[in-house]
1. Identify the residue in the range 112-121 that is within 17 Å of the chain's Cα centre (by Cα) and of a type outside the set (A, V, I, L, M, F, W, C) and, among all such residues, is most open to solvent (accessible area, probe 1.4 Å).
2. Starting from residues that are small (G, A, S) and crowded, with 21+ Cβ neighbours inside 10 Å, keep the ones in the range 74-111 and report whichever is farthest from S21 (Cα to Cα).
3. How many of the residues in the range 63-73 are open to solvent by 30 Å² or more (accessible area, probe 1.4 Å) and either in contact (Cβ under 8 Å) with a residue 24 or more places away in the chain or within 14 Å of the chain's Cα centre (by Cα) (or both)?
4. Name the single residue that is nearest to R100 (Cα to Cα) among those in the range 3-18 being assigned to a strand (DSSP E or B), open to solvent by 30 Å² or more (accessible area, probe 1.4 Å) and of a type outside the set (G, A, S).
5. Go through the range 19-48 and give me each residue that's surrounded by 14 or more Cβ atoms within 10 Å (Cβ to Cβ) and aromatic (F, W, Y).
6. Taking interchain pairs and intrachain pairs at least six residues apart, which have beta carbon atoms under 8 angstrom, with the first residue in the range 1-24 and at negative phi and the second open to solvent by less than 30 Å² (accessible area, probe 1.4 Å) and acidic (D, E)?
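The values are calculated or read from the model by the stated rules, or taken from the named source; none is laboratory data. Keep in mind that what you see is a predicted model, and the values were worked out from it rather than measured. Methodologically, a virtual Cβ is constructed for each residue, glycine included, from the backbone with ideal geometry; neighbour enumeration extends over all protein chains shown. Calculation scope for accessible area: heavy atoms of the full protein, side chains included, ligands and nucleic acids excluded. Shrake-Rupley method; radii C 1.70, N 1.55, O 1.52, S 1.80 Å.
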Amino acid sequence: QVQVVESGGGLVQPGGSLRLSCAASGSIFTITTMGWYRQAPENARELVATITRGGLTNYADSVKGRFTISIDNAKNTVYLQMDSLKPEDTAVYYCNANIRTTFSSLPRPYWGQGTQATVSS
């Protein structure tokens, strides 16, 4: 069994910051990539940022220069530092981890339950 658990959401004013964390645990052989996605009401889920085990990152254009993703491989944990937040960043943020559970298995995606981030004055 694999668990993916996010934390760190909340309410912040425009221009403020939030830091999200996501930890994967359980039957993990290795994690290939981790990332953050978000879904606002009536919108489709969209990519925010991803990072490989080796530290290669990818960001949505809408968050470049404001958000920073990082990974702690020893802790199977990914972080999302969100600065200069805007009301349009309001969404449920979901963590994704692509995990191999055995030496011979292919990576498969696991999702967290989501954490709400609200940017409002």
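1. So the residue we want is Q113.
2. Going through the qualifying residues, I end up with A91.
3. Summing the residues that are open to solvent by 30 Å² or more (accessible area, probe 1.4 Å) and either in contact (Cβ under 8 Å) with a residue 24 or more places away in the chain or within 14 Å of the chain's Cα centre (by Cα) (or both) in the range 63-73 gives 5.
4. Keep residues of the range 3-18 that are assigned to a strand (DSSP E or B), which gives 3-7, 10-12, 18.
Filter again for open to solvent by 30 Å² or more (accessible area, probe 1.4 Å), leaving 3, 5, 7, 11.
Now restrict to residues that are of a type outside the set (G, A, S): 3, 5, 11.
Values: Q3: 13, V5: 17, L11: 35 Å.
In this case the residue turns out to be Q3.
5. Answer for the range 19-48, where residues must be surrounded by 14 or more Cβ atoms within 10 Å (Cβ to Cβ) and aromatic (F, W, Y): W36, Y37.
6. What qualifies is L20/E6; S21/E6; C22/E6.
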